[in-house]
Amino acid sequence: MRCAVYVRVSTNKEEQKASLGNQKNLFIRYISDKGWDIHDFYVDVESGTTDKRPQLQQLIADAKAKKFDVILAKELSRLARNGRLSYEIRDIAEQHKVHIITLDNAINTLEGNGQMFGIYAWMYEQESQRTSERVKLALKSGAQKGLFKGSNAPYGYIVKDGKLCSSPDETPDIVKRIFGNYLSGKGFDCIARELYNEGCPTPSQVARKKNANDKWHGSTIRRILENPHYTGDLVQGRSTTRSVTNKNRDQVHSDNFITVPNTHEAIISKSDFEAVQQLMMSRKRTRPQAEKHLFTNTAYCADCGRGMHYKKNSLGYMCGNYNKHGIKACSDHLIREADLKLAILNDLKKLASILENKEIVQTLETKLNQQKKYSEKQIDSFTKELERLKLKKKKSLNLFIEEKISKEDYDEFVSDTNEQINNISSKIEQLHSSLDTKDDELVIKELKQQLGVFIEFQELTPDILHRLIERIEIKADGSPRIFYRFSNPSAYSLINIINAQHSTCVELIVLIILINEGLHLLQIQSSLLFQI
């Protein structure tokens, strides 16, 4: 039996870190006594009420892939304290013939002991709900006493002994500047852009969040302008989670806010705060539905990867990063829509003309066949390497169970080996998808038909665009690089004709012509045909 061991604790506290080690040792002894094999350990430090746990999601994915035969957990609450999630895990296990065993003997589907699953799932969820309610009551009591109970202090403040205090850094001045700029007529995005370009620290940076970003956004400015804490009043309980299993937050009516006036130093006067609220109300307007332009969600900046934004005054597209944050974030990468449409039309006309040449078609068929044979050899080689790595991983697991190697060495080896296995598996999957079972002549015939439809209409519609083009990247000088879609999987075969990682079908076919005719690459006058 291949065992997937799931271990979870709720927090990163020292006593719970020790619990992780104890749980693992308990499982190792259990599995050794049974004579079973350990497939892998799945370890999360997260609440059991949520399904947003990386290792739990990996466990579910591996169960669907039938990578193990049994899931081991200390008790059902380790897997989930959420009835819906508990049933979901059970159903996935049943569907893929994976057993669930808990070491407290409550659940053991291998021995037919699963009748109490529903009762235990309900019991653990109710226990979590009661705990959540007790925590909410404690937070409410503290808030009524004037203590700040939020996870992070508002920007411009720090927390000392449960009270908000003005921060000793420059952030209170930034808050004053935000309010002053808005009252002077500047908008959310304008203020955000100025702060970003000047390098002012963002709220997420000050709070030292893991995903902290140096970019200011209009939504951040709005939240600061709407926060009544800056007037010196403590206003809490403005939103609440729906339940212990649903982390979405509902807004509470203002009549039910927990408000304690004058609990801390004010950064903004009450009169200025009210003036800002009235100004925001007066500026509210019903926004028309955004018009989706032809290359929206298809054209991207080649440097920063951000989507291109359509600008009506230039009849073209501009880097979204530049448009929102200015020159510090990126350059404009401007390209006119008419120029891009014309270039694509000329590109496809040239390709259609090329495909009428019998000699070139024969060359394409030969190259396709060569690429298929090469891909098959690569699959065979990668498969052998994959089996070798899996065998090494199994041997290291046995050494770990026999205590011949340390836990640190085992974890390091498994991490490195898993990374290699994932990379090789990904390559094998890509190679399999590239092997076109269609006849090469049929592949080229289908490509001709698709091009013919487009050229016949002489107009690039959204439907034709998405059928023919995967992605367009706009370089800093405004020149585009186009990734053609054509038909899958034939497009992949064409794209790999000369094993060029990023070339498009048009580029490759033209390149073959150049090789056959002995021409120099610079003789082709097209900004779209190739970026070699």
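Close amide H contacts of H99 (hydrogens built in the peptide plane, cut-off under 5 Å, sequence separation of 5 or more or a different chain): V70, I71. Phi angles across the stretch 150-163 convert, under the Karplus curve 6.51 cos²θ - 1.76 cosθ + 1.60 with θ = phi - 60°, into 3J(HN,Hα) values of x, 6, 10, 5, x, 4, x, 10, 10, 10, 10, 6, x, 10 Hz, Gly and Pro given as x.
Assuming R0 = 56 Å, can you tell me the calculated FRET efficiency for the pair Q205 and D33, based on Cβ-Cβ distance, to the nearest 0.05? Calculated value: 0.65. In terms of distances greater than 19 angstrom between alpha carbons, the cross-link table entries K24/K74; K312/K341; K67/K394; K390/K427; K24/K97 yield K24/K97. Sequentially through the stretch 327-338, phi angles give Karplus couplings (6.51, -1.76, 1.60; θ = phi - 60°) of 5, 5, 7, 5, 9, 6, 6, 6, 9, 7, 5, 4 Hz, Gly and Pro residues having no value and appearing as x.
Label positions at K270 and S219, each projected 7 Å from the Cα along the C-beta direction, are separated by 3.2 nm. Note on K341 and Q430: the model spin-label points, each 7 Å out from Cα along the C-beta direction, lie 3.5 nm apart. Amide H contacts for M308 (H built 1.01 Å from N in the peptide plane; partners 5 or more residues away or on another chain; cut-off under 5 Å): N297, A299, Y300, C301, G320.
Near V175: Cβ cut-off under 13 Å, other residues only, Lys/Arg at +1 and Asp/Glu at -1. The net charge is -3. Using a Förster distance of 25 Å, how high is the FRET efficiency between Y87 and N25, based on the Cβ-Cβ distance and rounded to 0.05? After rounding, the FRET efficiency stands at 0.25. Only lysine pairs 8 or more places apart or on separate chains count here, and in the stretch 141-222 those with Cα atoms under 17 Å apart total 5.
Computed from phi, the 3J(HN,Hα) profile of the stretch 87-96 under the Karplus parametrisation 6.51, -1.76, 1.60 (θ = phi - 60°) reads 5, 4, 5, 4, 5, 5, 4, 4, 5, 9 Hz, with x in place of Gly and Pro.
Between S479 and K312, what FRET efficiency follows from the Cβ-Cβ distance if R0 is 22 Å, with the result rounded to 0.05?
Numbers: r = 22 Å, r/R0 = 1.02.
My answer for the efficiency is 0.45.
Amide H contacts of Y42 (H built 1.01 Å from N, in plane; Pro and chain starts excluded): V5, Y6, V7 sit under 5 Å, all sequence-distant by 5 or more or on other chains.
No lab work stands behind these numbers, since they all come straight from the coordinates. Quick caveat, the model's predicted, so the values are computed rather than measured. Methodologically, a virtual Cβ is constructed for each residue, glycine included, from the backbone with ideal geometry; neighbour enumeration extends over all protein chains shown.
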